[in-house]
Amino acid sequence: MQAGKEAELWMYEKMLEIRHFEETMATVYLEGKLPPLIQKGLAFDIGSGPVPGEMHLAAGQEPVAVGVCAHLKQTDTVVGTHRPHHFAIAKGVPLGRMAAEMFGKVTGLGKGKGGHMHLFDPVNRFSCSGIIGASLPPACGAALAAKKLGKDWVAVAFFGEGAANQGAVHESLNLAALWKLPVIFVCEDNKWAISVPKSSATSIEWVADRAAGYGMPGIKVATNDAMAVYEAAGPAVQRARRGEGPSLIEVKTDRYLGHFQGDPEVYRPKDEVANLRKNDPIPRMASHLKLQGYMTDAEEAKLVALARRRVADAFEFARNSPDPEPQDALQDVFV
Amino acid sequence: MQAGKEAELWMYEKMLEIRHFEETMATVYLEGKLPPLIQKGLAFDIGSGPVPGEMHLAAGQEPVAVGVCAHLKQTDTVVGTHRPHHFAIAKGVPLGRMAAEMFGKVTGLGKGKGGHMHLFDPVNRFSCSGIIGASLPPACGAALAAKKLGKDWVAVAFFGEGAANQGAVHESLNLAALWKLPVIFVCEDNKWAISVPKSSATSIEWVADRAAGYGMPGIKVATNDAMAVYEAAGPAVQRARRGEGPSLIEVKTDRYLGHFQGDPEVYRPKDEVANLRKNDPIPRMASHLKLQGYMTDAEEAKLVALARRRVADAFEFARNSPDPEPQDALQDVFV
Amino acid sequence: MSNTRKLTMAQAIAEGIGQEMQSDDTVFVMGEDIGRYGGIFGATGGLLDRFGPDRIMDTPISETAFIGTATGAAAAGMRPIAELMFVDFFGVCMDQIYNHLAKNTYMAGGHIKLPVVLTTAIGGGYNDAAQHSQCLYATFAHMPGLKVVVPSNAYDAKGLMIQAIRDDNPVLFMYHKGIMGLPWMAYFEGSSNEVPEAAYTIPFGQARVAREGSDVTIVTLSQMVQKALLAAEELVAERISVEVIDLRTLVPLDREAVLRSVRKTGRLLVADEDYLGFGLTGEIAAIVAENLDTVQLKAPVKRVAVPNVPIPYSRPLERFVIPQVGSLVAAVRELMTASVRQPLEV
Amino acid sequence: MSNTRKLTMAQAIAEGIGQEMQSDDTVFVMGEDIGRYGGIFGATGGLLDRFGPDRIMDTPISETAFIGTATGAAAAGMRPIAELMFVDFFGVCMDQIYNHLAKNTYMAGGHIKLPVVLTTAIGGGYNDAAQHSQCLYATFAHMPGLKVVVPSNAYDAKGLMIQAIRDDNPVLFMYHKGIMGLPWMAYFEGSSNEVPEAAYTIPFGQARVAREGSDVTIVTLSQMVQKALLAAEELVAERISVEVIDLRTLVPLDREAVLRSVRKTGRLLVADEDYLGFGLTGEIAAIVAENLDTVQLKAPVKRVAVPNVPIPYSRPLERFVIPQVGSLVAAVRELMTASVRQPLEV
Ligand SMILES: Cc1ncc(C[n+]2csc(CCOP(=O)(O)OP(=O)(O)O)c2C)c(N)n1
Ligand SMILES: Cc1ncc(C[n+]2csc(CCOP(=O)(O)OP(=O)(O)O)c2C)c(N)n1
Ligand SMILES: [Mg+2]
Ligand SMILES: [Mg+2]
């Protein structure tokens, strides 16, 4: 199933947006976190600066997000992980309110209560969680609701290769297959779970090979390529929409940055990232689009500028938004 | 791998013991639980009589227990389920202290603190739990200890077909395969999880087909037959002892009684059990043993009488043992 | 006025669920053995025949998956009821309950609502041992994000269940097995009572004065309310007048009802079937300790609960650790003879 | 006398584990990122190089499996240490922790011992939000079967860790991220202190008087001890003398230390970073309320803790819900002006 010009340009545009968002965040995140601004003796202070707390960025992992979400509508549900920005952006979550959430501002998706691992956008039906493996059960729920409401909505649960060994994954795969739920399970294999390589955590090479044990299709995408993901995801999404049940897709991808910003990465071969970046999916897609005659150099420059501006606007909106009032903390436990 | 006379006679003897134990318990359990001895209006009182609380009996499921345990030594570990008697007896747990535990007596395995779902016999390395799926992780632990201590001990985790969809099962299968632990996972498919048939709970027909997803052998035993189980379990136990890692065995078996005693079984076809009993593994094995010339009618009668006496002695010991002192309840939280 | 009949708590709960399912298509139930079996403790009795397997859904033994499914379905517009067969099993699915169902609304800044009712069986007294006899409501009340309902009788149970289903927030509804009125388990007759046929609600956060009295206040909930009422009756002979406060919900908690009663009696016994330490009895005692500027105690606060041991199986042991009517009577007597020291002049 | 050096709490914990691994081959560690990474919070720093991957075992993200594995290995003669990276993740593995590790010894009538140390990181203050900032020690102290250790400084941490490893029972060892002395997270300097090189133990159940005082008792633990000491220092200027009690362990709990101090000061502030309701602050307040025949209060008991909301992400919100030095100072001032009513004459 070929993506075609429109879809391919959309994926490229979104990948640019994601990459710029992540790279901008990587810089902004460091503001106020380094000596001499911090406690004497510290090399870095995770709790300082305009964007405190943990920060998991997805630079390099754009293809899996855009390749799947290119098939989705606003009424479809996506549940992401602790590393959620690429999924959120691909699903159409507004950049400004997303960034504002990370700045802890009232204008944020969760009024600053959630933070970067807890982005909730009911309009675009996106959510995520900081708990590994927790994306699958609620995706089953969205899919079950679609069935009960007689809608052709589908739900996508993204999870990492490290998450694959969490009990929740197994229970959800069985439940979705048993009830023929319109879910697409997408395992994002970036080879690492913090410092633990897949080979030290998973007893087989492909998580997708576990699909057979649930009676659902297992689809393997061996390259970190948006079009390859698009082609693999298409049939799975259609199958779900037709009410024929779930699928499990596994995508090989690359983590360019540390597990979280500030990660010393002592566990990682020094040259690994440099080599991975040689295969960067964004320039690869650019040349493909030009080869196809879908994009000129001028149009490329426009798209890049557009992505930069969107991200810059989002961060500016976030910075300029007001902080919540301290006592707002007591609100919203219940609606 | 043929069992041979000695092993086959041992399995037959143990199956008799198990069956007599379960049938005796089925009767004793009802003591004091029926009108007019109980609260007016009740049909049955689970909390009355010499053996109160839930009671899960395994009549019909003897083959899976004896066929596996025939390969084990005292130093091997067995972790059973909420329906544990057949496993415990096959592993050599003393009948008297086991029965005494169910009578809540000080002479019980747990001084009356555990009850029938919580039988702990450190000498014979048997334990069990009332929590579904909970047998697998500790079996991995016993196996890991064996590796670390340089012993050829193996560990067996039994679990029901209903337990197969619990997260703990998935995590344990992956961990055991990853670490090449000497474990044998045995799924006991008696078709029912209380009132829920396997087809309403599991997305595929054979749980053993999930073994491939962990890179371990999956072995299917389609008949409720001790010798068939023996032959399937042998290679798995040897593989574990050789340090080559875990296996998953699934055995089809039959539950003759209710899920627990007192179960109205409204969910179960009326004639199902009658038909199952036509294929009772114990008489089938008896005729096989005679055919083989391993057992005469006289020897059979002796074995039956022996089993009856052992069980009768156990229950008598339990009945005549003293109750714990109420304040003993405050002891043993910590050693 | 609709006519009333005497129902067991199990019947009252099932009736409440059935009436809401009748009037709201988005309400459905998921759980283990809730269909043909009708729920191990009867909370969904008869509902499968009325509503069919699409709305009364038996699940695999996958609590994490189906409770998380309830959360996801609620976010998408449904009003799921999910049953955790015994609260003792919470450990296999607590993450979906407290890190997601309970916290998502807050983390979303109130932008999503999760109308999920989680039903679960609590309590001992029939020798089901350490993994099937706990109450654990304090554990759920301690962590923010769930409303916690713990009824003591059929009338309250129906009204609180309908209130729970109509609430736009997650509600944990905990029923004690020993007051469900099951045909196979002894129960306290007082828990079966007159229940109106028509649907009605009971607001959360309003404790009930189950019995008025002037000498001692017993604050309690669930099955223990029935025990407290029997103890109060027994103490009449000794001219001790006991007031029994049935908390009914722990979140929200009716602190005022506790203070009002203790201000009147000056003596407080907190009676609980949960573990003693770091739980319900501590919280209620603390509410009084925080208010000693307006509450005048005649005796130190007393707590009766499970003495920080797992629930033992053997009958004499279980009866020793779970507070009985007799333990409440004895505790009240002690309160009547105890006294507090004068505070130091400042 | 062995010489001492100043260590961070993380270094002290790792040193204690390393010394026990050196002297006992059955001790080993399992957990996520505890090997090459050295533990996300440094509790196993340097141990992989010393003991190799067979004894410092990185695990899959399968907490139920590897914590249950620890239980099984302990029953078979090993002394495992298992790390739950953040206590907030307990919901995915609580069943193995509390239904098995914590209860098996009791259910076995004391016939098995389970020498497992479960280490876990607790606490907020660096904006890690609702799923990575909790304390939750009251939840584990509430359920019987685990000893619960919550150190406030490096010296105590090493002694309590060695004590925990040598204990034949399951011990939950909870270290607050904000006192580990990590190079990437602000911490309270007071938590890094002089630690002897030689192995030593600190018995469980003995609270420490972290600072002597005569006007107000602050009962607390973990990082909050450091905040309380700063508050006490600040209050010297107002001539208010604060005594700070560091509980150090919740199970066993040193009730006498609390009563001894409050009998002296007559004023109690319980300061806690856990949730307010149904938790630690309630239990400590209740201990005093139960002993009003021997304790004379000058003011009602005061509790300062997280006000029953999930931990919000945004800095102003998090600082508002987590008690700060200033909140302790303010609470102490209020205690000094408050008073209790005379008890009624009986
Ligand atoms: C249940 C649970 N266990 C552990 C963690 C800590 N943790 C956060 S991210 C992570 C690694 C996840 O790896 P993977 O699933 O491959 O996702 P990736 O980080 O590679 O995107 C771990 C162990 C957690 N958040 N939740
Ligand atoms: C985690 C958990 N969920 C639910 C239960 C309640 N329960 C007890 S036995 C049982 C059915 C188990 O079925 P299966 O695993 O097939 O074992 P069988 O009873 O058939 O031997 C259930 C649901 C439990 N004990 N633990
Ligand atoms: Mg990964
Ligand atoms: Mg079964």
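Here are the numbers for the structure shown:
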quantity: Euclidean distance of C-alpha centroids, the stretch D:155-201 and the stretch A:283-327, integer Å; calculated: 47
quantity: Charge dipole (debye, nearest 20) of the protein assembly as shown; +1 at Cβ of Lys and Arg, -1 at Cβ of Asp and Glu; calculated: 20
quantity: Distance between modelled label sites at C:Gln296 and C:Arg5, nm, 7 Å Cα→Cβ extension; calculated: 5.2
quantity: Reachable lysines from A:Lys33, criterion Cα separation under 20 angstrom, eight or more residues apart if same chain; calculated: A:Lys105, D:Lys177
quantity: Interchain or long-range residues, amide H under 5 Å from C:Lys6's placed H; calculated: C:Val195
quantity: Compactness index (Cα Rg / 2.2 N^0.38 Å), the protein assembly as shown; calculated: 0.90
quantity: Gaussian network model of chain C, Cα within-10 Å springs - most flexible of C:Gln223, C:Gln206, C:Gln131; calculated: C:Gln131
quantity: Mean shadow area of chain C over all directions, Cα convex hull, nm²; calculated: 18.8
quantity: Sequence-distant residues sharing a close amide H with C:Phe86 (under 5 Å, placed H); calculated: C:Ala121
quantity: Structure-based [θ]222 nm, chain C - -39500 (n - 2.57) summed over DSSP H runs of at least 4, per residue, nearest 500; calculated: -9500 deg cm²/dmol
quantity: Residue among D:Ile165, D:Ile40, D:Ile81 with the largest mean-square fluctuation in a Gaussian network model of chain D, springs linking Cα atoms under 10 Å; calculated: D:Ile40
quantity: Per-pair calculated FRET efficiency, R0 = 56 Å: A:Lys290 and D:Glu238 via Cβ, rounded to 0.05; calculated: 0.15
quantity: Cα Rg over Rh - the stretch A:198-282, Kirkwood; calculated: 1.06
quantity: Electrostatic dipole magnitude of chain B [Cβ: Lys, Arg +1; Asp, Glu -1; Cα centre; debye, to 20]; calculated: 560
quantity: Label point 7 Å beyond Cα along the C-beta direction, distances from C:Thr294 to other copies (nm, shortest first); calculated: 3.1
quantity: Relative contact order for chain D, counting Cα pairs under 8 Å that sit 6 or more residues apart, in percent; calculated: 16
quantity: Separation of alpha-carbon centers, the stretch B:10-82 and the stretch C:254-292, rounded to whole Å; calculated: 44
quantity: Long-range HN-HN contacts of A:Ile219 with modeled amide H, under 5 Å; calculated: A:Leu248, A:Ile249, A:Glu250
quantity: Virtual paramagnetic centre 7 Å along Cα→Cβ of C:Thr201, amide N under 16 Å, in the stretch C:27-43; calculated: C:27
quantity: Mean Cα-pair separation over length for chain B, i.e. relative contact order, pairs under 8 Å, 6 or more apart, %; calculated: 22
quantity: Unit charges on C-beta of K, R, D, E only; dipole of the stretch D:115-187, Debye; calculated: 60
quantity: Options B:Phe120, B:Ile184, B:Ala201, ranked by Cα towards positive dipole end of the stretch B:79-225, top entry (Cβ charges); calculated: B:Phe120
quantity: Mean Kyte hydropathy of -0.5 or more with a Cα span along the axis of at least 15 Å, helices from DSSP in chain D; calculated: D:9-23, D:63-75, D:154-166, D:223-236, D:325-337
quantity: Computed label-point distance, nm, for sites B:Val273 and C:Arg260 using a 7 Å Cα→Cβ extension; calculated: 5.3
quantity: With 10 Å bins from 0: P(r) over the stretch C:205-252, alpha-carbon pairs, percent; calculated: 31, 52, 15, 2
quantity: Rounded to 5, percent antiparallel among DSSP beta bridges of chain B; calculated: 10
quantity: Candidates B:Pro217, B:Pro36, B:Pro50, ranked by Gaussian network fluctuation over chain B, Cα under 10 Å, top entry; calculated: B:Pro36
quantity: Per-residue ³J(HN,Hα) for the stretch A:134-144, Karplus 6.51 cos²θ - 1.76 cosθ + 1.60, θ = phi - 60°, Hz, x for Gly and Pro; calculated: 7, 7, 6, x, x, 5, 4, x, 4, 5, 5
quantity: At 7 Å out from Cα toward Cβ: A:Val304 inter-copy label distances (nm, ascending); calculated: 9.0
quantity: The stretch D:182-338 - percent relative contact order, Cα under 8 Å, separation 6 or more; calculated: 24
quantity: Exam field: A:Leu330 pseudo-label spacings to other copies (7 Å along Cα-Cβ), nanometres; calculated: 4.2
quantity: Stokes-Einstein D in µm²/s, Kirkwood radius over Cα pairs - chain B at 37 °C with 0.692 mPa s viscosity; calculated: 161
quantity: Farthest toward positive dipole pole in chain C [+1 Lys/Arg, -1 Asp/Glu at C-beta], among C:Gly110, C:Ala74, C:Thr139; calculated: C:Thr139
quantity: Cβ-derived FRET efficiency at R0 30 Å, C:Asp168 paired with A:Lys151, nearest 0.05; calculated: 0.90
quantity: Kirkwood hydrodynamic radius over Cα pairs of the stretch A:82-167, then Stokes diffusion coefficient at 37 °C and 0.692 mPa s, in µm²/s; calculated: 242
quantity: Hydrodynamic radius of the stretch D:1-155 per Kirkwood, over alpha carbon pairs, in Å; calculated: 16.3
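Every read-out reported here was derived from the displayed coordinates using simple, explicitly stated rules and does not represent laboratory data. Bear in mind that the values here come from a model prediction, so they are computed numbers and not experimental data. No Cβ is skipped: glycine too gets one built from the backbone with ideal geometry, and neighbour counts run over all protein chains shown.
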